[in-house]
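Have a look at the structure below before the remarks.
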Amino acid sequence: MQVPAAVPALRDDPERRGREQRRRAAGLLAGVTDAHVHLFPLAFYRALWRWFDAHAWHIAFRGDAEATLGVLRDHGTARVVASVFAHKPGAARPLNAFLAGLVRAETGVVGLGTVLPGEPDARAIVREAVGPLGLRGIKLHCHVQKVAIDDPATLHVLELCQELGVPAVVHAGREPASQAYGIDCRALCNVARTERVLQRLPRLRLVVPHIGADEFAGYFGLLAQHEHLYLDTAMACAEYFDPQPAWSDLARWAGRVMYGTDFPVIPYEVDRELHALARNIDDDGAFEALVRGTAARVFGT
């Protein structure tokens, strides 16, 4: 997946535009759940801005966590599933504590903690996050953390998530890949590795973001075989990257896929992906599942 030189316009024709306008008039674009948001301390955001400016795209919105939530609410988001991810040993506990504080202070926010697979006390960190801190799951990022989903250190964490009955959100897809991570993202992450984990941990509630970009067909295929696997749309359905998944597949599996933006780590307006879904998903029931229903079942939003 290549980063576009400029943000392309959404596909626009009378049929698509009319579908979105009808849904907006019916109130279907208000009160949605964004299942993929990142809330970090400002210093962490600043580090992300520097990294993305150097190696990826220009992050459009630059503000702190409270301002991030304000923008989402201004654009009709009622509920947020927010996560952090740890990039080095010792980072998880303060990030989890930060997010737990936001969850207590803000309405409509579900928090997912993190841990670095292989760090000392990894399982204790998970238990603290979903116990005393009140977070509802764990987020791992294979690219950032330089570890595969089927690595023994990752499995050590995921086995505990299965035992505790909490969802694990794992960026296990190959894209967007970058040499700046210092690893071969496409070798470290692929649908076959994810399938091995699902076979080993059949009761694990696993969410793979970005519809497992760019192996879309492979991840849709896994949905038919593993009842506790879910996907989110973040950046995969915003008509930004090419290729993107087929709208017909997305509608077919809407009960197992949830809308997410990856906000604020995106190069375009916060509601771009919502507009794309509203224009291109034919069935109102499928659209409702994508923007509210699936996330409610997985995260209790």
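Just so you know, all these numbers are worked out from the coordinates, no wet-lab data involved. Just so we're clear, the structure is a prediction, and the values are computed from it rather than from any experiment. Glycine also receives a Cβ, built like all others from the backbone with ideal geometry; neighbour counts cover every protein chain displayed.
Quick grid of which residues meet (1) under 19 Å from Glu273 (Cβ atoms); (2) assigned to a loop (DSSP other than H, G, I, E, B):
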site	(1), (2)
Arg24	yes, no
Phe40	no, yes
Ala47	no, no
Phe52	yes, no
His58	yes, yes
Gly63	no, yes
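Total residues in the range 211-260 satisfying the condition of being under 17 Å from Ala296 (Cβ atoms) and β-branched (Val, Ile, Thr): the figure is 2. Being at negative phi, part of a helix (DSSP H, G or I) and among the aromatic types (Phe, Trp, Tyr) is not true of Phe241. The number of residues in the range 1-18 that are part of a helix (DSSP H, G or I) and within 15 Å of Cys237 (Cβ to Cβ) comes to 1. Considering only residues in the range 50-77 that are of a type in the set (Gly, Ala, Ser) and either farther than 15 Å from Val37 by Cα or free of Cβ contacts under 8 Å to residues at least 60 places away in the same chain (or both), the one that is surrounded by the most Cβ atoms within 10 Å (Cβ to Cβ) turns out to be Ala65.
Restricting the search to the range 28-38, which residues are over 14 Å from Glu273 (Cα atoms) and not in a loop (DSSP other than H, G, I, E, B)? Matches in the range 28-38: His38 only. Among the residues of the range 279-300, the one identified as farther than 13 Å from Trp253 by Cα and without any contact (Cβ under 8 Å) to a residue 60 or more places away in the chain is Arg297.
In this structure, is Gly137 surrounded by 21 or more Cβ atoms within 10 Å (Cβ to Cβ), farther than 19 Å from Leu204 by Cβ and under 19 Å from the mean Cα position of the chain (by Cα)?
Details: surrounded by 21 or more Cβ atoms within 10 Å (Cβ to Cβ): yes; farther than 19 Å from Leu204 by Cβ: no; under 19 Å from the mean Cα position of the chain (by Cα): yes.
So Gly137 fails the test.
A single entry from Ala82, Ala78, Ala92, Ala6 fulfils the requirement of being more than 22 Å from Gly134 (Cβ to Cβ) and of a type in the set (A, V, I, L, M): Ala6. Can you tell me which residue is nearest to Leu135 (Cα to Cα) among those in the range 281-292 that are of a type outside the set (A, V, I, L, M) and crowded, with 18+ Cβ neighbours inside 10 Å? Looking at residues that are of a type outside the set (A, V, I, L, M) and crowded, with 18+ Cβ neighbours inside 10 Å, I get Arg292. Applying the condition of being out of contact with any helix residue (DSSP H, G or I) (no Cβ under 6 Å at 6 or more places or on another chain) and surrounded by fewer than 17 Cβ atoms within 10 Å (Cβ to Cβ) to the range 165-187 and asking which residue is nearest to Leu112 (Cα to Cα) yields Gly165. Restricting the range 234-264 to residues that are touching a residue at least 60 places away in the same chain (Cβ under 8 Å) and crowded, with 24+ Cβ neighbours inside 10 Å leaves a set whose member that is farthest from Val37 (Cα to Cα) is Met258.
Restricted to the range 78-115, and to residues that are of a type in the set (A, V, I, L, M) and assigned to a loop (DSSP other than H, G, I, E, B), which residue is surrounded by the fewest Cβ atoms within 10 Å (Cβ to Cβ)?
The initial filter retains those residues of the range 78-115 that are of a type in the set (A, V, I, L, M), namely 78, 80-82, 84, 86, 91-92, 95, 97, 99-100, 102-103, 105, 109-110, 112, 115.
Checking the rest, the ones that are also assigned to a loop (DSSP other than H, G, I, E, B) come to 84, 86, 91, 115.
Numbers: Val84: 26, Ala86: 25, Ala91: 17, Val115: 31.
So, considering only residues that are of a type in the set (A, V, I, L, M) and assigned to a loop (DSSP other than H, G, I, E, B), the one surrounded by the fewest Cβ atoms within 10 Å (Cβ to Cβ) is Ala91.
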